[in-house]
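Encoded as structure tokens, the structure appears first; notes follow it.
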């Protein structure tokens with residue numbers, strides 16, 4: 001089988017940023033982060049201007065290293081159509097980010113769950129049994145903050161306008177919202193949830209089995 005090359009080497013016309021991505025490094029304008037040192041990613045495409053007639057598209061890809069170094073890839077299009085040259089540029093860069101960085105981050109979180117440990121992404125607290133969710137109960141001055149496990153069997157998730165919603169089916173007070181554009185690794189959690197919802201993986205995790 002022919003192996004695919006996901007390396008990226010481009011100068012982005014609108015921002016003049018020089019971007020290189022391979023299996024070892026992500027580099028933007030001579031600032032580099034080793035792929036093995038990447039801690040988090042966030043990215044997205046935003047429509048700017050009037051909702052019915054936006055004036056441009058903004059593209060953002062941000063990479064954060066374990067030692068706090070950050071690389072930002074930003075560019076825009078002054079047109080808003082279905083498939084612009086900038087869209088192709090975005091997908092080209094994202095193919096490298098997915099292959100060399102995001103895939104690893106998803107695998108890293110799966111390994112944590114397999115070891116029956118916990119991790120946090122934004123306000124989401126994830127365990128091998130489900131989500132620990134914080135909510136308030138009571139009335140007026142008698143409100144109390146509670147944290148409870150919402151098991152995988154009671155969890156639903158969906159994407160709406162760039163926001164990842166994670167909710168309890170049985171209790172509407174228990175919910176988490178993460179922005180794919182602004183919360184580090186929300187995009188990774190979204191992919192991880194897709195993976196867990198296939199082939200009964202979340203059910204296996206809940207039983208303490210490895211996936």
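The values are calculated or read from the model by the stated rules, or taken from the named source; none is laboratory data. Note that this is a predicted model, so its numbers are computed, not measured. When we count neighbours, we look across all protein chains shown, and the Cβ atoms used for this are built from the backbone with ideal geometry, even at glycine.
Quick rundown of the values:
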item	result
Test set (1) over 30 Å from residue 48 (Cα atoms); (2) free of Cβ contacts under 8 Å to residues at least 24 places away in the same chain; (3) more than 20 Å from the chain's Cα centre (by Cα) - residue 120 fails condition number	(3)
Residue 89 vs. criteria within 28 Å of residue 166 (Cβ to Cβ) and either assigned to a helix (DSSP H, G or I) or over 16 Å from the mean Cα position of the chain (by Cα) (or both)	no
Strands (runs of 3 or more DSSP E) contained entirely in the stretch 2-65, each with at least 1 residues that are modelled with pLDDT under 90 and over 20 Å from residue 88 (Cβ atoms)	38-49, 54-65
Enumeration of residues in the stretch 132-162 that are out of contact with any strand residue (DSSP E or B) (no Cβ under 8 Å at 6 or more places or on another chain) and in a strand (DSSP E or B)	160
The listed residue being under 21 Å from residue 30 (Cα atoms), outside any strand (DSSP E or B) and touching a strand residue (DSSP E or B) at 6+ places or on another chain (Cβ under 9 Å), out of 80, 97	97
Residue in the stretch 130-148 that is farther than 16 Å from residue 177 by Cα, modelled with pLDDT of 95 or more and assigned by TED's automatic domain parsing to the domain that holds residue 185 present	no
Candidates 192, 105 - the one that is assigned by TED's automatic domain parsing to the domain that holds residue 21, in contact (Cβ under 8 Å) with a residue 12 or more places away in the chain and in contact with a helix residue (DSSP H, G or I) (Cβ under 6 Å, 6 or more places away or on another chain)	105
Residue 178 being in contact (Cβ under 8 Å) with a residue 12 or more places away in the chain, closer than 25 Å to residue 63 by Cβ and crowded, with 20+ Cβ neighbours inside 10 Å	yes
Unique residue being under 22 Å from residue 181 (Cβ atoms) and in contact (Cβ under 8 Å) with a residue 40 or more places away in the chain when the list is 33, 93, 63	93
Subset of the stretch 195-211 that is part of a helix (DSSP H, G or I) and touching a residue at least 40 places away in the same chain (Cβ under 8 Å) - its residue that is surrounded by the fewest Cβ atoms within 10 Å (Cβ to Cβ)	203
